[in-house]
Amino acid sequence: MKLHQDSADALNTVTGYGADYVDVNLQRYEHSILVFPQAPVAPWPVSSFDALTPEHFDALVESAGESGVEVVIFGTGARLRFAHPRLTVALSRQRIGIEAMDFQAACRTYNILMAEGRKVALALLIEKP
């Protein structure tokens, strides 16, 4: 699906996605990434939902804290799955919310919240076999 960028040209915007990729500002990524509105897109070193560890979410805390993020949208792949609370405890301790969604819903929700000026981040899990 293609999404079109609006007037928020300076912000990282999801401009397209498919089963195994996402486009941010028209640049394609085929691996898991972290997206903040005003920071460079960063690789997120996780290749499957079952491989998630607390350290994957701990890495988000540092970046989110620097950006003032209040909520992380967690795109869990083709279907909605919830990370065990023991994985996301570092986010909770910093009062950063986490909302799990399937990949497509996460991309759309991030764009809406980011365009509204909300303090949001996107953690997209792109699973590799």
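A Förster radius of 22 Å combined with the Cβ-Cβ distance from ALA105 to TYR21 puts the calculated FRET efficiency at roughly 0.85.
In order along the stretch 91-96, the Karplus-derived 3J(HN,Hα) couplings, from 6.51 cos²θ - 1.76 cosθ + 1.60 at θ = phi - 60°, round to 5, 4, 4, 8, 6, 9 Hz, and Gly and Pro are given as x. Legend: P(r) of the stretch 81-129 from all alpha carbon pair distances, 5 Å bins from 0, whole percents, reading 4, 17, 26, 24, 19, 8, 2, 0.
Please figure out what share of the DSSP beta bridges in the chain is antiparallel and state it in percent, rounded to the nearest 5. Looking only at bridges with both residues in the chain, the antiparallel portion is about 55 percent. For the pair LEU80 and SER63 in one chain, pulling the backbone fully straight at 0.36 nm per residue adds 3.7 nm over the alpha carbon distance. Which residues does a label at ASP50 reach in the stretch 92-129, if reach means a backbone N under 19 Å from a point 7 Å past the Cα toward the Cβ? Answer for this model: 125-129. Among the GluC sites (Glu not before Pro) in the stretch 78-129, those placed in a DSSP loop whose Cβ has at most 10 other Cβ atoms within 10 Å are GLU116.
Heavy-atom accessible area with a 1.4 Å probe sorts HIS84, HIS31, HIS56, largest first, into HIS84, HIS31, HIS56. Applying both filters, DSSP loop and at most 15 other Cβ atoms within 10 Å, to the chymotrypsin sites (Phe, Trp or Tyr not before Pro) of the stretch 54-129 gives PHE82.
Taking amide H positions as modeled 1.01 Å from N, with prolines and chain starts lacking one, the residues under 5 Å from GLY77 and 5 or more places away or on another chain are PHE103, LEU125. Relative contact order for the stretch 14-124: 29 percent, from Cα pairs under 8 Å spaced at least 6 residues apart, divided by residue count. Summarising the amide proton neighbourhood of ALA39: residues at separation of 5 or more, or on other chains, whose placed amide H is nearer than 5 Å comprise ASN12.
Got a number for carbon plus sulfur as a percent of the stretch 19-58's accessible area, 1.4 Å probe?
52
Applied to the stretch 23-31, the Karplus parametrisation 6.51 cos²θ - 1.76 cosθ + 1.60 on θ = phi - 60° returns per-residue 3J(HN,Hα) values of 10, 10, 6, 6, 9, 8, 10, 10, 9 Hz, with x for Gly and Pro.
The values are calculated or read from the model by the stated rules, or taken from the named source; none is laboratory data. Keep in mind it's a predicted model, so treat the numbers as computed, not measured. Positions of Cβ are generated from backbone atoms using ideal geometry, with glycine treated the same way; all protein chains shown enter the neighbour counts. We work out accessible area using only protein heavy atoms, side chains counted, and drop any ligands, DNA or RNA first. Shrake-Rupley method; radii C 1.70, N 1.55, O 1.52, S 1.80 Å.
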